[in-house]
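Trainee: Below are the structure tokens for one structure; questions will follow.
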Amino acid sequence: MNLELTKEKVKTLLNKKIKIKVNIGRNKHEYYEGYIEKLHPNIFTIKTNQGIKSFTYTDVLTKNVILTKF
């Protein structure tokens, strides 16, 4: 999988309710529910009940961020 395919995958989830699993290191994870609000060339933003979070497409490519559709 390359970066362009990752961007397309994220684009298909735009404005759909998703679950987000974020690897924060040392075998710890954070979980969010929300939807992808905006797409930018290098990052995308997700609106959650805790606020707006931003991630890079590289985070998804390296599986530090895992997006799952409801």
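Throughout, read-outs are computed from the coordinates displayed, never taken from laboratory work. Computed from a predicted model, the values in this text were never measured in an experiment. Neighbour counts run over all protein chains shown; Cβ positions are idealised from the backbone, glycine included.
Trainee: Label-point separation (nm) for Ser54 and Lys38, each offset 7 Å from Cα along Cα-to-Cβ?
Mentor: 0.8
Trainee: Right, here's the next one. Of the chain, which part is the longest with no trypsin sites (Lys or Arg not before Pro) in a loop (DSSP not H, G, I, E, B) and with at most 12 other C-beta atoms within 10 angstrom? All intermediate terms of the calculation are to be shown ahead of the outcome.
Mentor: Numbers: sites that count: Lys16, Arg26, Lys63.
The longest uninterrupted stretch comes out as 27-62.
Trainee: Considering only DSSP beta bridges with both partners in the chain, what is the antiparallel share in %, to the nearest 5?
Mentor: On the way: 24 of 25 bridges.
Just about 95 percent of them are antiparallel.
Trainee: Tally Lys and Arg at +1 and Asp and Glu at -1 over the other residues with C-beta under 11 Å from the C-beta of Phe70: what net charge comes out? Could you put the intermediate results ahead of the total?
Mentor: Working: positive: Lys16, Lys17, Lys19, Lys69; negative: Glu33.
Here the count lands on +3.
Trainee: Relative contact order for region 3-69: what percent, with Cα pairs under 8 Å and sequence separation of 6 or more?
Mentor: Numbers: 112 pairs, mean separation 22.0, N = 67.
It rounds to 33 percent for region 3-69.
Trainee: Sticking to Cα atoms, compute the Rg of the chain to one decimal and its Dmax as the biggest Cα-Cα distance, whole number, in Å.
Mentor: 11.2, 31
Trainee: So between Asn15 and Leu61, what do we pick up on full extension, going 0.36 nm a residue minus the alpha carbon distance? Please report the intermediate quantities before stating the final value.
Mentor: Details: separation 46, 0.36 × 46 = 16.56 nm, distance 2.01 nm.
Full-extension gain reported as 14.5 nm.
Trainee: Let me ask you something else. Please list, by residue number, everything in region 39-66 whose backbone N is under 19 Å from a paramagnetic label point 7 Å out along Cα→Cβ of Glu4.
Mentor: Under cut-off, by backbone N: 40-43, 57-62.
Trainee: Which value, in debye to the nearest 20, describes the size of the charge dipole of the chain about its Cα centre when Lys and Arg Cβ atoms bear +1, Asp and Glu Cβ atoms bear -1, and nothing else is charged?
Mentor: Values: 14 positive and 6 negative charges, 38 e Å.
It comes to approximately 180 debye.
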